[in-house]
């Protein structure tokens, strides 16, 4: 008898869980898609990001550069990567297309991700 009571309790709990979920609760819709990367024209490598498929070039192509990660907070877009200075990669991030060097050309460096916290 105790076995049947335990099964009944489990069935009632599962039923309550299943029916307590509301269909009106849904994930927020995605407004924009951002991707970080790079593009080459055969002679230069440009750090870029794409917003909804539209490219935004971060570098001018005088030095090879790549972007690896992107974070968006409000209207601010942060991108991490590197740009070459001679033969050395310099770690950089870009905020709203403005570059900030994290290292000098003394040692090779780069970034692989970025996270913005407020």
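Taken together, the values in this text are just the output of simple stated rules run on the coordinates, not laboratory data. If you're wondering where the values come from, they're calculated on a predicted model, not measured in any experiment. All Cβ positions, glycine included, derive from the backbone under ideal geometry; neighbour counts span all protein chains shown.
Here's the picture: a label point sits 7 Å out from the Cα of residue 99 along the beta-carbon direction, and within the stretch 42-82 the residues with their amide nitrogen under 11 Å of it are 46-47, 58-66, 82.
Along each principal axis, taking the top coordinate minus the bottom one, the Cα set of the stretch 34-101 gives 36, 24, 15 Å in descending order. Residues within the reach of a label modelled at residue 40 (point 7 angstrom out along Cα to beta-carbon, backbone nitrogen below 18 Å), restricted to the stretch 79-118, are 82-90.
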